[in-house]
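Q: Sharing a structure with you now.
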Amino acid sequence: MKIKLLLPSDAESYWALRLEALKKSPEAFLTSYEDAIKRENPISQVARNFTEEGNYTFGAFEGDELIGVVTLLQEKAEKIQHRANIYAMYVTPRKQGLGVGKALLTEAINKAKSIEVIEKINLSVVATNEAAKKLYTSLGFKVYGLEEKAMKLKGVYLDDEHRVLHIK
């Protein structure tokens, strides 16, 4: 397995994995599969995101196959530039439990540590996702809040845990 920062040339592979994620784990993402497939030119949008300053998407590859992704996004506004956020964390189900997620998150955390102004990383995780919560805890993320009814999926409310990792 190899972890690398994704480039515009990886946009098509990323988009295919993103759609898989939205289909297989709808509770884990704010975006729905139905909304995602309505986007105009999604691959060119993704390619643009990969070149945006402060936006770092890492991919885990097995050979040429993209099997997992995570995005680290630094806040832009002056007063909150010391914060970054983890978004769009996903590992294809057949590769879960093999350390792919940990490798991706470690790469994102190391990137954040390499950016002088970033002092902390925030993320949110659906409160029922025990595997993800275990992973985040193992890397030092601490719970700082619970948002009840953060999302409503097919009539069912889901709570979000908000977590933080202080890196400086």
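What follows is calculated from the coordinates using simple rules that are stated; it is not laboratory data. Just so you know, these numbers come straight off a predicted model, no measurement behind them. Reconstructed Cβ throughout: ideal geometry from the backbone, glycine too, with neighbour counts over all protein chains shown.
Q: For the chain, with a Gaussian network of springs between Cα atoms less than 10 Å apart, report the residue from Thr71, Thr128, Thr57 with the top mean-square fluctuation.
A: The residue with the greatest mean-square fluctuation here is Thr128.
Q: Which residue, Glu78, Glu12, Glu27, has the most motion in a Gaussian network model of the chain that connects Cα atoms within less than 10 Å?
A: Result for the chain, Cα springs under 10 Å: Glu78 fluctuates most.
Q: Using a Cα-Cα cut-off of under 17 Å, which lysines could be cross-linked to Lys133, ignoring same-chain neighbours fewer than 8 residues away?
A: Filter leaves Lys102, Lys142.
Q: Right, something else. Could you list Met151, Met1 so that the one with the fewest beta carbons within 10 Å of its beta carbon is first and the one with the most is last?
A: Met1, Met151
Q: Cross-link partners among aspartates and glutamates for Lys79, C-alpha distance below 14 Å, same-chain residues fewer than 8 apart left out?
A: Glu119
Q: Now for a separate question. Under 10 Å, Cα contacts only: if you run a Gaussian network model on the chain, which one of Ala28, Ala36, Ala132 comes out with the highest mean-square fluctuation?
A: Of Ala28, Ala36, Ala132, the most mobile in the Gaussian network model is Ala36.
Q: In what sequence do Asp35, Asp159, Asp10 fall when counting other Cβ within 10 Å, fewest first?
A: So the residues, fewest neighbours to most, are Asp35, Asp159, Asp10.
Q: To make sure I understand the rule: partners must be aspartates and glutamates, Cα under 13 Å from the Cα of Lys23, and not fewer than 8 residues away in the same chain. Which ones qualify?
A: Glu34, Asp35
Q: As a quick test, which of the pairs Lys4/Lys113; Lys95/Lys134; Lys111/Lys168; Lys4/Lys168; Lys38/Lys154; Lys2/Lys24 have an alpha carbon distance above 21 angstrom in this structure?
A: Lys4/Lys168; Lys2/Lys24
Q: Output the Kirkwood hydrodynamic radius of the stretch 2-166, Cα pairs only, in Å rounded to one decimal.
A: Radius from the Kirkwood sum: 16.4 Å.
Q: Follow-up. With each run of n ≥ 4 DSSP H residues scored as -39500 (n - 2.57), what mean residue ellipticity at 222 nm is computed for the chain after dividing by its residue count and rounding to the nearest 500 deg cm²/dmol?
A: So the calculated ellipticity at 222 nm is -8500 deg cm²/dmol.
Q: Based on the Kirkwood radius over alpha-carbon pairs, what value in µm²/s does the Stokes-Einstein equation return for the translational diffusion coefficient of the stretch 41-93 at 25 °C and 0.890 mPa s?
A: 198
Q: How far is it, in nm, from the label point at Glu116 to the one at Ser138 when both lie 7 Å from their Cα along the line to the Cβ?
A: The modelled label-to-label distance comes out at 3.5 nm.
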